[in-house]
1. Semi-axes, largest first, in whole Å: what does sqrt of 5 times each Cα gyration tensor eigenvalue give for region 131-178?
2. At 222 nm, what value in deg cm²/dmol follows for the chain if DSSP H runs of at least 4 each add -39500 (n - 2.57) and the sum is divided by all its residues, to the nearest 500?
3. Using the alpha-carbon atoms, what tilt in degrees (0 to 90, nearest 10) does helix 197-214 show relative to the longest principal axis of the chain?
4. Dipole magnitude of the chain about its Cα centre, charges +1 at Lys/Arg Cβ and -1 at Asp/Glu Cβ only, in debye to the nearest 20?
5. Out of [x] 32, 24, 23; [y] 38, 26, 17; [z] 35, 28, 17, which label holds the value of semi-axes √(5λ) of the Cα gyration tensor in Å that was computed here?
6. For the chain, find the longest principal axis of its Cα atoms and tell me its angle to the long axis of helix 360-377, 0 to 90°, nearest 10.
7. If a paramagnetic tag sat 7 Å from the Cα of N315 along the Cα-Cβ line, which residues of region 212-250 would have the backbone N under 19 Å from that point?
8. Using only Cα atoms, tell me the angle between helix 318-328 and the longest principal axis of the chain; keep it within 0 to 90° and round to the nearest 10.
Amino acid sequence: MSYRIQIFCATALVVMAVFAGGELRGKKSSLPSAVTFSLPAPEPFTVKYQIASMTLREKIGQMFLVSFAGTELTEEMVLWMRELKIGGVVLLGDNVVSKEQTKKLINALQKEVGSHVAAPLFIAVDQEGGEISRFKFSGYEMRSEREVTNAALAYDIALSRGKELRELGVTMNFSPVLDVSSSTKDFIHDRTFEGDAGTVALYGKRMIEGYRDGGVASVAKHFPGHGDTPIDSHVTLPVTVRTAESWKMHLAPFESAIQAGVPVIMSAHLKVPFIDKKFPASLSNVILTDVLRNGLGFKGVIVSDDLGMGALTKNYAFSEIAVQAVAAGTDILLIIHSPATYQKMFLAIEDAVERGIVSEDRIDESVTRILSLKHNLTK
């Protein structure tokens, strides 16, 4: 069978499934074994046709990772998440009481929201170990990065933690922290691995592998590195002065993470005038697209740090933050705020697309990466 005929047959089957009401979302291709083709690969092929059937609102919704208050899912929460077609939720300490309650909450989120939108929800959490841990259940892996003393231990900690998180229903963990910090004055210092850039790169790589084997998507953070910054970005915007040599040092752990296949990288609210005089990293096309994507070759998902942090909100309106983050190359907008704020940011992106400020192709790029990762996590 020729390549043209193979592709024609594959396309015809997909079209027939669509018109027959077949559900492609979140499922592998059901093409009969007699029809074989090498390009495109099964998951991207499925995602491509899924995106073609999605509305703009469904696509934008997949790009949001939101928070909510309380330990139970209310009808009001369900309604606004469904209305905005939300693609993911981040669980905070206030959402958690016990293992049983957490599993029940996550199951409810997937049943009441995830099954009503384009794909199952990302369920994300900050479970770094040490002080930054949302789940402090008895027997859970709680060691901080400062307690990691060798590469084998880094892997074992991440593997145990990954299995614990996956058993709860969590699919994404904001770990490991790959900031290189050599001074106790750095606000990020207590959350980092102890050692130079080479040590951070090695331990980070092994943690990424451990999380992968444990069944969760790891998130390397905070690109391009909060080291040498005493200013807390939760409060105000840090500005760093870096030489070419120090810039290379802070990027080294992220280069290693990319080589290890890290699926997600989180951007930092950090201004580096040496690279971009105008925007902080999380809103910078130069840093996220030119450096991270084109320079370092990262093909995975870029998630922002919380867009509600003082580093940004003291300088920009929420609508500006949303549009600029997407224009810069952010795939997932993490925002810990209110439903009203989500609505404002959502509508700002929708309006930017309709006015041609952000292209729908740009949205499709992000949604392709998001849905591809979701497919991989549900294999």
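Throughout, read-outs are computed from the coordinates displayed, never taken from laboratory work. Keep in mind it's a predicted model, so treat the numbers as computed, not measured. Backbone-built Cβ (ideal geometry, glycine too); neighbour counts: all protein chains shown.
1. After scaling each eigenvalue by five and taking roots: 17, 12, 11 Å.
2. Mean residue ellipticity at 222 nm (helix-derived): -13500 deg cm²/dmol.
3. 40
4. Working: 40 positive and 43 negative charges, 175 e Å.
The calculation lands at about 840 debye.
5. Matching the structure shown: [x].
6. 90
7. Answer for this model: 222-243, 247.
8. 80
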